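Report on the structure given below.
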Amino acid sequence: MILGHLAIAGIAKRKFLAENFTFLFAASYGPDLVDKTLNLACGAPGRGVGHSLLMFVLLTAAAWLFCQRFRINKQLLYIGLILWSSHLITDLL
């Protein structure tokens, strides 16, 4: 599914041409980036914290507050959340 997440980020780049592909890539691979980092740092299992609904809710709240605090365009927040949730959905398939 590694290439599938990359393809989703590529499709998002076509739709949102002004956005940075690095951000789109990171949002698309977000759950894996969290889980792999925790696995390397403290031996946490493969699919865990990053693939949980709780992490998605906490990330959404933190990103919303970050956007409010620094007056960042909320469209970027929505794109990131869509890509993160698309990762979770495609992992279920």
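If D91 passes every condition in (1) at pLDDT 85 or above; (2) under 14 Å from the mean Cα position of the chain (by Cα); (3) of a type in the set (D, E, K, R) but one, which one does it miss?
(1)
Just checking, does segment 27-38 include any residue being surrounded by 11 or more Cβ atoms within 10 Å (Cβ to Cβ), over 15 Å from the mean Cα position of the chain (by Cα) and at pLDDT 75 or above?
yes
Name the single residue that is farthest from G10 (Cα to Cα) among those in segment 55-93 being surrounded by fewer than 12 Cβ atoms within 10 Å (Cβ to Cβ) and basic (K, R).
Of everything passing the filter in segment 55-93, R69 is farthest from G10 (Cα to Cα).
Between G80, G10, which is at pLDDT 85 or above, touching a Phe, Trp or Tyr at 6+ places or on another chain (Cβ under 9 Å) and not aliphatic (A, V, I, L, M)?
G80
The values are calculated or read from the model by the stated rules, or taken from the named source; none is laboratory data. Note that the structure is predicted; figures quoted are calculated from it, not measured. Please note: Cβ atoms are built from the backbone with ideal geometry, for glycine as well, and neighbour counts cover all protein chains shown.
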